[in-house]
Amino acid sequence: GKRFEEMGTTLSNDALDAQNNAQLSTALVATGNTFNQIGNMYGEQARTDIFPLADRLQLYQGIMQQMPDIIQIEKSSIQQYEEYAQRPEKLEGISIAEIAPRREIISHVTFAEINQFNKDKVDDLTNYMKNFLQQQIAFYSEITECLKRAYANFEKIPVSSTVTTGMPTSYSQQSFKK
């Protein structure tokens, strides 16, 4: 943005005065300001969408990385129970009938929590991503609008048809629309 502003300021020098020079100078300064504004927008945007999303994803990732360990502990407790059921003499002062209901409760609660987590995970991550992408769409739409305003400043400047730059000399606003 700074280079556009500098060029616009340089063109505003009275010694360089030419037809439509003031309009070109103003358009270049406005373009520089636009790019500076867009740069600031990028700096601010991350705090509102990607940083919160990354924090949420990291929390879910940490929980998901622990799931195999939780399942392994549950498997171990089932194996331990089955071992005690086959060799009740290993139980000291407790009967297998006393252990069975507690083991079943713990097993049901563990799997209920895992199932609930999986349901919540799909809902949450879907909503997180939809929100993030909506914010990105709004962000890039705002950038597009800024660029269109900068472009409009150049559309106001008459261009000689004898000048060739290898690029078309005029675009209509319709060329930006789908």
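Between Asn20 and Lys121, what FRET efficiency comes out of the Förster formula 1/(1 + (r/R0)^6) with R0 = 45 Å and r the beta carbon distance, rounded to 0.05?
Rounded to the nearest 0.05, the efficiency is 0.15.
Of Lys75/Lys121; Lys130/Lys156; Lys90/Lys121; Lys121/Lys148, which ones are farther than 29 Å apart at the Cα?
Lys130/Lys156; Lys90/Lys121; Lys121/Lys148
Between Ala97 and Thr9, what is the label-point separation in nm under the 7 Å Cα-to-beta-carbon projection?
Calculated label separation equals 9.3 nm.
Which sequence of Asp123, Asp49 reflects their accessible areas, 1.4 Å probe, from the largest down?
Largest to smallest exposure gives the sequence Asp123, Asp49.
Loop-only check: which GluC sites (Glu not before Pro) in the stretch 15-97 are DSSP coil with at most 10 other Cβ within 10 angstrom?
Within the stretch 15-97, the qualifying GluC sites (Glu not before Pro) (loop, at most 10 other Cβ atoms within 10 Å) are Glu92.
Could you list the square roots of 5 times each eigenvalue of the Cα gyration tensor of the stretch 29-159, that is, the equivalent ellipsoid semi-axes, sorted largest first and rounded to whole Å?
Sorted largest first and rounded, they come to 63, 12, 8 Å.
Determine the per residue accessible area of the stretch 1-126 with all protein chains present and a 1.4 angstrom probe, expressed in square angstrom.
71
The values are calculated or read from the model by the stated rules, or taken from the named source; none is laboratory data. What you are looking at is a predicted structure, and each value in this text was computed from that prediction instead of being measured. Glycine also receives a Cβ, built like all others from the backbone with ideal geometry; neighbour counts cover every protein chain displayed. Protein only, heavy atoms only, side chains kept; ligands, DNA and RNA dropped before computing areas. Shrake-Rupley method; radii C 1.70, N 1.55, O 1.52, S 1.80 Å.
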